Amino acid sequence: MTLHTVLLYGCAAAVVVPGTKIVQAGAGARRVNPAELLRILWRRPVPWVAAALVVVMAAMAVVQTAVPSAMDHLQREPGAPWWRALTALLVQTSGPLQLTFNLAAIVVIAPVAQRRFGPVWMPLIFLASGATAQAVSMAGWSPTGGGDSVALCGLLGALATAQLPRPAPLAPRLLPALIPAAGLILCALGNNHGVGILAGCVLGACLARLRVRTAVRLAE
């Protein structure tokens with residue numbers, strides 16, 4: 001196993017472990033079985049924008065499974081028009097494992113992100129971080145492919161940095177900090193997930209700062 005592979009696996013763990021904690025916190029910081037977790041995450045009021053996003057990605061999963069050639073018209077590829085940076089988010093070009101994992105991930109991450117950022121900012125973070133990562137890939141990092149994992153990484157990055165300023169013991173604050181650290185390492189490795197993470201981190205930090213300023217003004 002090469003150093004590059006070790007670093008990739010390490011970064012994956014540095015995103016998945018804190019990401020799992022963030023999702024659990026969105027469910028009330030309780031350890032529950034998957035069925036109960038989904039019930040809590042999708043409790044009323046239902047986050048309808050997150051639900052719409054899940055429906056779109058599930059529908060596209062059906063489309064690309066039934067008509068694999070559809071991916072050729074949506075994925076990023078050398079010489080493709082700029083809008084492929086957006087449509088590449090709709091198809092999972094690495095096979096059934098990527099499709100299944102990303103669909104499961106969006107089901108648990110999207111409702112948490114919407115409850116944290118609202119129905120406007122959540123999809124904007126998803127699209128902005130995902131499209132940025134896809135555009136960087138089209139520019140040379142990985143010219144061919146597709147998938148929404150880069151956008152999901154953006155949502156996790158935003159959730160991580162949005163909660164960093166909150167008062168808390170040192171250990172709980174350090175765990176989310178692993179996500180932007182992983183983003184930096186992935187960028188150094190030329191992996192587009194790092195771009196998605198860092199774009200989301202920047203947006204999450206900006207939103208957190210905006211909320212603090214708004215709260216201060218309301219308190220004055």
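Read the figures in this text as sums done on the coordinates, not as results from a lab. Just so it is clear, the structure is predicted and the values come from calculations on it, not from any experiment. No Cβ is skipped: glycine too gets one built from the backbone with ideal geometry, and neighbour counts run over all protein chains shown.
What the table shows:
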quantity: Test: residue in the range 65-81 that is touching a residue at least 12 places away in the same chain (Cβ under 8 Å), farther than 28 Å from Gly140 by Cα and out of contact with any Lys or Arg (no Cβ under 8 Å at 6 or more places or on another chain); calculated: no
quantity: Residues located in the range 27-78, provided they are in contact with a strand residue (DSSP E or B) (Cβ under 7 Å, 6 or more places away or on another chain) and either exposed (fewer than 10 other Cβ atoms within 10 Å of the Cβ) or assigned to a loop (DSSP other than H, G, I, E, B) (or both); calculated: Gln75
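Listed here are the residues, each with its yes/no results for (1) under 19 Å from Ala88 (Cβ atoms); (2) part of a loop (DSSP other than H, G, I, E, B).
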| position | (1), (2) |
| --- | --- |
| Gln134 | yes, no |
| Leu155 | yes, no |
| Thr161 | no, no |
| Gly183 | no, no |
| Gly190 | yes, yes |
| Ala199 | yes, no |
